[in-house]
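Worksheet: the structure to be examined is printed underneath.
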Amino acid sequence: MNISKRQNALLLALLICLPIIALIHLFVGQIDISFTDYFDSIFNFDDRNASHLISRELRIPRMTMAVIAGAGLSIAGLLMQTLFNNPLAGPYVLGINSGASLFVALTIMTGIPFFTSDLGIVTNALIGAFLFGLIILFFSTMVRMQISLLLIGLMLGSFTSALVSLAQTASDAQELKIFTMWALGSLQKVELHQLPLILACFGASILGAFLVVKPLNALVLGDKEARLLGTNIKRVRLVIILITAIITGVVTAFCGPIAFVGLAVPNLVRILFKTQSHAILIIASILIGAMFILLCDIAIQLIEPHFIMPINALTSIIGAPFVILLVLRRLK
Amino acid sequence: MKISFLAVLAILFVSCDGNKQKKHASFDDPEKIEIRYAENFKLKKIKDGYLLELLKPGTKDVSETYEIYPSENKKIISLTATLNGMLAALNSQDLIVGISDYDHVYDSGIRSRFKNGGVKEYGGTAQNSLEKLVASEANIIFYDIVDEQFPNQQKLKKFGIQVMPIYDWRENHPLAKAEWIKVVGAITGKIKEANAFFDQVEKDYNILKNLGKNYSKKPTVLCGNLIGDSWYTPSGNNYYAMMIEDAGGDYRYKTTKGTISLALSIEQILNDNLKTEIWLNPGYKDKTTILKTNPHAKHLGAFKNNVYCYSNGMKKFWEQSASRPDLVLSDMIVLFHPEDKSIGTLNFYSQIN
């Protein structure tokens, strides 16, 4: 892996910043929590002590989920952008999030007796994300222009929104309420005992992403060149869709839909690192993506006493202008 | 020829509009009807009817004035559950020709008239059809949105259909909500019955309140649930917080200011309520669903055995709770002081399992 001094310094800075921001995140909230509280919540946990409960059951899972959501969605976006050779691709824009949302909506609001446990929502979100990933993949083989694929992704998003609306009109008040709560997006719903499952999915996806670094680098040159370099395009596409579906499905299932992170962060990483080496891009996406969501969540918690903002709203507020800037930059 | 055509047209316009014009009575010395708690309306007696002034909930300025002639109000469309309950309390549900949604109706009289075709569904305030409303030939439509005009209000007026907002839900005292029954009494020509009904409710409420005051042990109480990332619970001056105190409960946020809901973080809620004894109105019918939307609820002290909600009798609650705060208070006393067997059974609330 060729890495310049500048890239090295940048990565080092990010590596130092991420734990600091994560630590700050742990100490931001409505209640004052000390180092001792964290220590005791891990080694001398007392479930009648509010500080222990808040540290262990709320803040540690919330911080971990912020890291996983930011890093995971950024990697998903990076892989999609490389696969479709399109900087405006991402799980949200291409409708992968919508697929996960649709399946969660169908589970909650139509009473399909598939699964009712947490694992059920995750499984459904995964199936939805994977199915819509395959649909996008299918269309990508049929259209030549990049803009067409984005339009198809947007149409898929509209289509699923319509189906979700239909499910909403047919659902009772309680189901509707549950889905609306989920769709608002939140990092605080995750529980400590769910983290091992989430971390396992996340770890497997990251590992998978690193395993396809070479084919990803080859894909940047185009499908023909990649084939000439010995890349099995079909297999790589399937692996990328699988990784993206797992990450997007897990994050969407536990946090609700989080927009624009997968689109904005990989582009920011490319601008900062000026490289096509996917080993560097993946590491940087993990670090910047995690930091981005952590910072968003810190901001949300700081303004919470005055103004309530769901995570999905804040990422969209920051992400949408960034995408407009990106488009304008490319047009120049 | 042209002149005669225009004349006919003018006569037609005048006659179309003319028969819908209200009588303008003289209001030289209207007799005030006593309003003891409600702050969002004033009611005065005029010849053959009443003068109703609706006040803006925030400023208390007169927002709209209505001349009410009970003899004209033969057909009512009630798009608010509270009104259904109040009309039923005065045995005037036969005047109802329209409701928002049959599934939201509790009163058996309205339900059976719906089945017989005497009552029709018109949807919520935002979803109704102008043509259907006109075809109903109703005299008056009640709705419950503040600071927003009813869709096509002016057109409906031309067809002789009056629309009237009901602000009971913005009142800040439980008995103020109930006092809106006097408006319903004026509309239906049953003001005496409405006054008698309210006097009885007030008397019963105050008896229970005095009882609630005297309990030495006051259990701590939490309300509401998470919506998104915020836990919404009544402020200290909210009518519901007032009722908890009246029932001999110790509301956790009784010292907070304001009448609207507080939006608190789950951290704040956990920090304040690990030992709170009773949790009211979590918004769901069972614990499994509560945990689906709010998994951290299991850490609350009250979660194990003391979660109560009206969700199993939701329709009854929405229809009757405004006009019968005495029954809601009675439920709260039963929940807070189960050792006192003198109160009786629960009217709206049940335990969440």
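Listed values, structure above:
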read-out	value
Cα-Cα P(r), region A:200-297, percent of pairs per 10 Å interval	14, 44, 33, 8, 0
Selected from B:Gly49, A:Ile24, A:Ser98, residue furthest toward positive end of dipole (the protein assembly as shown; charges at beta carbon)	A:Ser98
GNM top mover of A:Leu238, A:Leu26, A:Leu12 - chain A, alpha-carbon springs below 10 Å	A:Leu12
Shielding by other protein chains, B:229-236, mean Cβ within 10 Å	2
log₁₀ of I(q)/I(0) at q = 0.10, 0.11 Å⁻¹ - the protein assembly as shown, Debye sum with one point per alpha carbon	-1.02, -1.13
Distance in nm between pseudo-label sites at A:Leu229 and A:His193 (7 Å out along the Cβ direction from Cα)	4.7
Magnitude of the charge dipole, region B:254-353, Cβ model with Lys/Arg +1 and Asp/Glu -1, debye to 20	240
Farthest toward positive dipole pole in the protein assembly as shown [+1 Lys/Arg, -1 Asp/Glu at C-beta], among A:Val220, A:Ala253, B:Ala81	A:Val220
Between region A:180-215 and region B:266-306, the alpha-carbon center distance in angstrom	27
Estimated FRET transfer efficiency (B:Ile207, B:Glu137; beta-carbon r; R0 51 Å; 0.05)	0.70
Distance histogram for chain B (every C-alpha pair counted, 20 angstrom bins, percent rounded to whole numbers)	27, 52, 18, 3, 0
Fraction in percent of alpha-carbon pairs per bin - 10 Å, region B:215-351	12, 45, 37, 6, 0
Peptide-level mean, for A:35-45, of C-beta atoms on other protein chains within 10 Å	0
Neighbour cut-off at most 13 other Cβ (10 Å), DSSP loop, chymotrypsin sites (Phe, Trp or Tyr not before Pro), region A:225-325	A:Phe307
Gaussian network model of chain A, Cα within-10 Å springs - most flexible of A:Gly90, A:Gly29, A:Gly289	A:Gly29
Within region B:218-232: backbone nitrogen closer than 19 Å to the B:Asn305 label point (7 Å, Cα to C-beta)	B:218-222
DSSP-loop trypsin sites (Lys or Arg not before Pro) across region B:215-278, with at most 12 other Cβ within 10 angstrom	B:Lys217, B:Lys257, B:Lys275
DSSP bridge orientation in region B:215-351 - percent antiparallel, rounded to nearest 5	60
Cα-based shape type of region A:136-241, given that a ≥ b ≥ c are square roots of the gyration tensor eigenvalues and the cut on a/c is 1.5	oblate
Kirkwood-Stokes translational diffusion coefficient of region B:135-225, alpha-carbon pairs, 20 °C, 1.002 mPa s, µm²/s	131
Efficiency of FRET between B:Asn116 and A:Leu184 - r from beta-carbon atoms, R0 51 angstrom, step 0.05	0.75
Chain A: most fluctuating residue of A:Phe132, A:Phe159, A:Phe45 per GNM, C-alpha cutoff 10 Å	A:Phe45
Fraction of beta bridges assigned by DSSP in the protein assembly as shown that are antiparallel (%, nearest 5)	55
Computed label-point distance, nm, for sites B:Leu130 and B:Ile145 using a 7 Å Cα→Cβ extension	1.5
Shielding by partners - mean other protein chain Cβ count within 10 Å, residues of B:265-278	5
Over chain A, relative contact order from alpha-carbon pairs under 8 Å, at least 6 apart, %	31
Total charge dipole magnitude, the protein assembly as shown, about the Cα centre, Cβ charges on Lys, Arg, Asp, Glu only, Debye to nearest 20	2140
Efficiency of FRET between B:Tyr102 and A:Lys5 - r from beta-carbon atoms, R0 56 angstrom, step 0.05	0.15
In degrees, nearest ten, helix B:191-213 long axis to first principal axis of chain B (Cα)	10
Three-way shape call for chain A based on the alpha-carbon gyration tensor, with the a/c threshold at 1.5	oblate
Virtual spin-label span in nm between B:Lys287 and A:Ile318, 7 Å along Cα→Cβ	3.9
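Laboratory data are not the source of any read-out in this text; all were calculated from the coordinates shown. Note that the coordinates shown come from a computational prediction; the quantities given were computed from them, not determined experimentally. Counting neighbours? That spans all protein chains shown, and the Cβs are built from the backbone with ideal geometry, glycine included.
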